[in-house]
Amino acid sequence: MISGSIKPALLTAWLGAGLLAAVPASAGLGGDVEAVRADAAEFVGTLESAYGADYLIEQISTGSGMRIREFLNRDGIVFAVSWSGPAVPELQRLLGVHFPAYLAALAALDRPGLHRSLRVVTPDLVVEAGGHLRAYQGRAYLPALIPAGVAAADLR
Amino acid sequence: MRALAPIRAVARFGTVIAGGMLAACIGGNGVTATGSKPVTPTPNTMMLTVDTGPSAATGQINHAYVTIKVCAAGSQTQCANIDHVLLDTGSSGLRLVRSVLTAAAVTLAPELDAQGQTVEECVTFGGGQTWGPVALANLSMAGESADKLPVQVMDDTGAGAPPPASCGANGTLINSVSGFGANGVLGVGVFAQDCGAACVSASTPLPLYYGCTSAGVCAAENLALADQVTNPVAMFAADNNGIIVNLPNLQSANGDLKVQGELVFGLSTQTDNALPAIGLTVLGTDANGDFTATYNGGTTVLPALIDSGSDSYDFNDSTIATCSTGAYVGYYCPLKAPMSVFAVNSGVGVNNATNEVPFAIADPNSFVANAAAFAGLGGGGGATNFVWGMPFFYGRPVYVGIEQRAAGPYSGPFFAY
């Protein structure tokens with residue numbers, strides 16, 4: 001869980017431990033820590049860091065009350081994102097290069113607009129989203145990149 | 001256990017057409033004299049119909065529709081009856097498809113912000129989003145009316161500003177009649193406004209309300225409560241503290257062709273909308289409009305609501321197979337159906353009842369192809385919330401109490417059954 005205190009040093013330490021080569025910046029899922037910083041700027045949010053079980057959590061809190069968390073594995077890759085708040089953050093950005101696959105899988109569902117709880121699965125990506133006006137929540141993750149022993153249910 | 005005395009319930013529920021059989025038509029819109037009503041009660045009951053949808057988008061399932069009368073604000077003549085408006089207890093505010101209004105020759109005046117820009121809105125519904133201007137309408141339902149009601153015009157014709165890049169970026173735009181399987185959405189949930197305080201003074205405005213220039217360039221902005229898309233019930237002169245949704249039990253497990261029930265305005269404001277003194281489960285909601293639910297004995301506490309805008313019980317159970325082909329992709333297709341499960345609801349705050357609800361999930365491939373109402377439909381599958389969708393409503397009255405309004409001994413926001 002997020003500790004509540006801002007620990008910018010964590011980012012640097014994490015990078016030093018895990019990142020051997022710079023990964024091209026792409027936003028959201030599949031991105032790197034630089035992309036997380038860009039996301040925080042895009043969503044006009046403040047950034048906090050904390051360690052999870054075997055991952056780093058970068059939390060973006062916006063002035064509008066939205067909370068976004070990006071989960072980085074030991075390779076410094078964002079393997080999961082989660083969100084909650086009174087609106088849905090721009091998923092095109094949060095899902096990054098995986099957004100087209102999400103859209104395609106969404107289109108294959110019957111009546112996706114009439115469910116306030118949705119699970120969208122592709123070979124590489126799982127998106128679980130739900131809620132309604134005033135309270136949306138969801139998460140998206142790349143099953144292949146989840147650290148061993150981490151349950152999807154913990155990615156909140 | 002249930003709210004209405006049996007005789008009363010029969011009289012109120014009108015017709016049920018099941019599997020091609022026409023049951024006896026009893027009653028009508030339920031406004032029958034009982035001898036104990038006030039001298040001139042406001043007609044507060046309207047027909048609620050579950051059928052296969054508007055002619056432009058047939059084949060709908062578990063959609064409860066009403067017919068509403070809409071006039072341009074301030075006009076006595078520019079009016080139309082709009083049928084097949086979807087009843088949605090999971091949102092607040094009226095949203096109408098622009099092409100439907102245009103065909104009915106009703107033009108609603110757009111709402112302008114302090115800078116004189118048009119106010120437009122982007123709202124996420126499940127896997128889709130609506131986009132279009134906020135406009136003012138005079139709405140009539142039964143004997144109730146809401147004047148100068150801020151509504152959203154879902155801009156399927158693109159007459160207004162185009163959606164900003166952030167709208168539609170969460171899925172598909174569902175502005176059209178086919179998007180909702182309806183000519184509009186009547187949000188009669190637990191809140192007076194759709195967004196509320198979060199949209200009034202955020203340091204960074206939410207991506208919900210936008211101010212759009214005449215050139216069609218839109219930027220997110222805050223909006224005062226009175227200007228937000230508003231639950232029309234909250235604007236009624238009377239009967240403005242909530243609603244009752246009455247739908248009968250279905251006749252066939254494989255689907256009924258058509259179901260009729262009623263939508264009642266007000267809670268304990270007239271003799272026909274009393275809250276039952278015993279057997280009522282009142283579930284207070286948090287500031288987000290959710291009570292909590294735990295599914296099938298699990299330990300995960302999920303935000304939950306009772307939602308006529310969802311066509312199925314929506315919840316996550318990885319042990320139930322999901323339909324991969326046919327007309328119900330994404331819904332549950334249990335290998336052995338019906339599959340009996342349960343969830344425990346708990347209210348939040350003062351109205352903190354706890355109640356276990358058993359329910360059953362059917363195999364939708366067994367459903368009658370041209371039916372409209374199905375009791376055992378499960379789906380969705382997201383693990384972040386729990387949704388008591390339309391199947392929950394069949395056979396039990398559902399009460400929705402609006403925030404900050406007293407309803408008998410209770411105070412909203414709450415769901416009750």
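Considering only segment B:284-337, state which residues are acidic (Asp, Glu) and in a strand (DSSP E or B). Once the filter is applied, which keeps residues that are acidic (Asp, Glu) and in a strand (DSSP E or B), segment B:284-337 yields only B:Asp314.
Residues checked against (1) at pLDDT 95 or above; (2) over 16 Å from B:Tyr209 (Cβ atoms); (3) outside any strand (DSSP E or B); (4) in the same structural domain as B:Thr213 (by TED's automatic domain parsing):
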{"site": "B:Gly116", "(1), (2), (3), (4)": "yes, no, yes, yes"}
{"site": "B:Cys122", "(1), (2), (3), (4)": "yes, no, no, yes"}
{"site": "B:Ser140", "(1), (2), (3), (4)": "yes, yes, no, yes"}
{"site": "B:Val151", "(1), (2), (3), (4)": "yes, no, no, yes"}
{"site": "B:Gly160", "(1), (2), (3), (4)": "no, no, yes, yes"}
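When segment B:284-312 is filtered for residues that are facing chain A (nearest Cβ under 9 Å) and closer than 15 Å to B:Phe414 by Cα, the ones remaining, listed by number, are B:Asp286, B:Ala287, B:Asn288, B:Gly289, B:Asp290, B:Pro303, B:Leu305, B:Asp307.
Filtered by the rule that a residue be free of Cβ contacts under 8 Å to residues at least 40 places away in the same chain and either over 24 Å from B:Met47 (Cα atoms) or in contact with a helix residue (DSSP H, G or I) (Cβ under 6 Å, 6 or more places away or on another chain) (or both), segment B:97-125 gives B:Ala105, B:Thr107, B:Ala109, B:Leu112, B:Ala114, B:Gly116. Restricting attention to segment B:283-300, report how many residues are of a type in the set (A, V, I, L, M) and without any contact (Cβ under 8 Å) to a residue 40 or more places away in the chain. Of the residues in segment B:283-300, 1 are of a type in the set (A, V, I, L, M) and without any contact (Cβ under 8 Å) to a residue 40 or more places away in the chain.
Looking only at residues of segment A:1-55 that are among the β-branched types (Val, Ile, Thr) and modelled with pLDDT under 70, we find that the one that is nearest to A:Ala151 (Cα to Cα) is A:Ile2. For the subset of segment B:381-401 comprising residues that are in a loop (DSSP other than H, G, I, E, B) and away from chain A (no Cβ under 14 Å), which member is surrounded by the fewest Cβ atoms within 10 Å (Cβ to Cβ)? Among those that are in a loop (DSSP other than H, G, I, E, B) and away from chain A (no Cβ under 14 Å), it is B:Gly395.
Filtered by the rule that a residue be crowded, with 20+ Cβ neighbours inside 10 Å, at the interface with another protein chain (Cβ under 7 Å from one of its Cβ atoms) and not in a helix (DSSP H, G or I), segment A:96-125 gives A:Leu109, A:Arg111, A:His115, A:Arg116, A:Ser117, A:Leu118, A:Arg119. Of all residues in segment B:169-219, those satisfying the criterion of being closer than 24 Å to B:Val50 by Cα and either assigned to a strand (DSSP E or B) or not small (Gly, Ala, Ser) (or both) are B:Ile174, B:Asn175, B:Val177, B:Phe180, B:Asn183, B:Gly184, B:Val185, B:Leu186, B:Gly187, B:Val188, B:Val190.
Would you check if there is a residue in segment B:180-192 being touching a His at 6+ places or on another chain (Cβ under 7 Å), of a type in the set (A, V, I, L, M, F, W, C) and crowded, with 24+ Cβ neighbours inside 10 Å? Yes, the conditions are met somewhere in segment B:180-192.
Residues are listed down the side, and each one gets a yes or a no for (1) at pLDDT below 95; (2) within 29 Å of B:Thr285 (Cα to Cα); (3) assigned by TED's automatic domain parsing to the domain that holds B:Glu403:
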residue: B:Ala327; (1), (2), (3): yes, no, yes
residue: B:Cys333; (1), (2), (3): no, no, yes
residue: B:Phe342; (1), (2), (3): no, yes, yes
residue: B:Val348; (1), (2), (3): no, yes, yes
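Here's the yes/no breakdown for (1) touching a residue at least 60 places away in the same chain (Cβ under 8 Å); (2) at the interface with another protein chain (Cβ under 9 Å from one of its Cβ atoms); (3) closer than 23 Å to B:Phe265 by Cβ:
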{"residue": "B:Val153", "(1), (2), (3)": "no, no, no"}
{"residue": "B:Gly168", "(1), (2), (3)": "no, yes, no"}
{"residue": "B:Leu173", "(1), (2), (3)": "no, no, no"}
{"residue": "B:Val190", "(1), (2), (3)": "yes, no, yes"}
{"residue": "B:Val200", "(1), (2), (3)": "no, no, no"}
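Is there a residue being under 19 Å from A:Ala27 (Cβ atoms), more than 8 Å from chain B (Cβ to nearest Cβ) and not hydroxyl-bearing (Ser, Thr, Tyr) anywhere in segment A:141-148? Yes, segment A:141-148 has at least one match. The residue that is modelled with the highest pLDDT, among those in segment B:362-380 that are within 14 Å of another protein chain (Cβ to nearest Cβ) and assigned to a strand (DSSP E or B), is B:Gly378.
Between A:Gly138, A:Gly65, the distinction of being under 12 Å from the mean Cα position of the chain (by Cα) and facing another protein chain (nearest Cβ under 7 Å) belongs to A:Gly138 only. Of the numbered criteria (1) in contact with a Phe, Trp or Tyr (Cβ under 8 Å, 6 or more places away or on another chain); (2) surrounded by fewer than 22 Cβ atoms within 10 Å (Cβ to Cβ); (3) not small (Gly, Ala, Ser), the one B:Val200 fails is (1). Checking each residue in segment B:313-330 for being facing chain A (nearest Cβ under 7 Å) and either touching a residue at least 60 places away in the same chain (Cβ under 8 Å) or crowded, with 19+ Cβ neighbours inside 10 Å (or both) picks out B:Asp314, B:Phe315, B:Asn316, B:Tyr328, B:Gly330.
From the list A:Glu70, A:Glu128, the lone residue that is within 17 Å of the chain's Cα centre (by Cα), more than 7 Å from chain B (Cβ to nearest Cβ) and either under 18 Å from A:Thr46 (Cβ atoms) or not small (Gly, Ala, Ser) (or both) is A:Glu70.
The values are calculated or read from the model by the stated rules, or taken from the named source; none is laboratory data. Only a predicted model underlies this, so the values are computations on that prediction, with no experimental measurement involved. Quick reminder, even Gly has a Cβ in these numbers, built from the backbone with ideal geometry, and neighbours come from all protein chains shown.
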